[in-house]
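Below is one structure, written out as structure tokens, with a few remarks after it.
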Amino acid sequence: MDLTLPLDYAAIERILRHRFPFLLVDRITELEIDKRIIGIKNVSLGDHYLSHTGAGAPVLPPTILTEAVAQVGAIMILAKPENQQRLIYFTGIDRVRYRRPVHPGDVVEIEAKVLRLRSRMGVVTGAARVDGKVVIDGTMTFALGPPATQT
């Protein structure tokens, strides 16, 4: 698999099994396998999962932002040659804090770092920023399953 940076949406689709509208990462700009990754999520007014409240501007729900951070972390783990055909399962979140809202037009920079990595599980810390300000941070646990079967 070609891992020439930046990874665009098509390259990300070759790593993750997620597809539109559930693929929440638009680009990967930095990647150190088993160490750290930076991804980009562009928030658009056309994103169908925005929360539209009567009082203010639409916002990206924190659950969607949490999933975007998890996907960036998953890309880092699944980009490793021996993990490329495996499935990754998001098994838990810990100490996740939502610091400020994310709105259409925002460019979210997501960074994930490995805290612990074993052959079948690991822990990643992640943070997302808009204009250099943290909008979410926390720790996520994952498990690696056996290689996916072709369907």
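We did not get these values from a lab; they are worked out from the coordinates using the rules stated. Just so we're clear, the structure is a prediction, and the values are computed from it rather than from any experiment. A quick note on method: Cβ atoms are made from the backbone with ideal geometry, for glycine too, and the neighbour counts reach across all protein chains shown.
The table below lists the values:
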read-out: Pairwise label distance in nanometres, Leu45 with Asp94, each label 7 Å out on the Cα-Cβ vector; value: 4.2 nm
read-out: Other-chain or far-sequence residues with amide H under 5 Å of Ile93's (modelled H); value: Thr141
read-out: log10 of Debye I(q)/I(0), alpha-carbon scatterers only, for segment 9-147 at 0.10 Å⁻¹; value: -0.31
read-out: Protection-proxy order for peptides 19-25, 93-99, each taking the mean of Cβ atoms within 10 Å per residue, highest first; value: 19-25, 93-99
read-out: Mean separation of Cα contacts under 8 Å, 6 or more apart, over the residue count of segment 1-150: relative contact order %; value: 23 percent
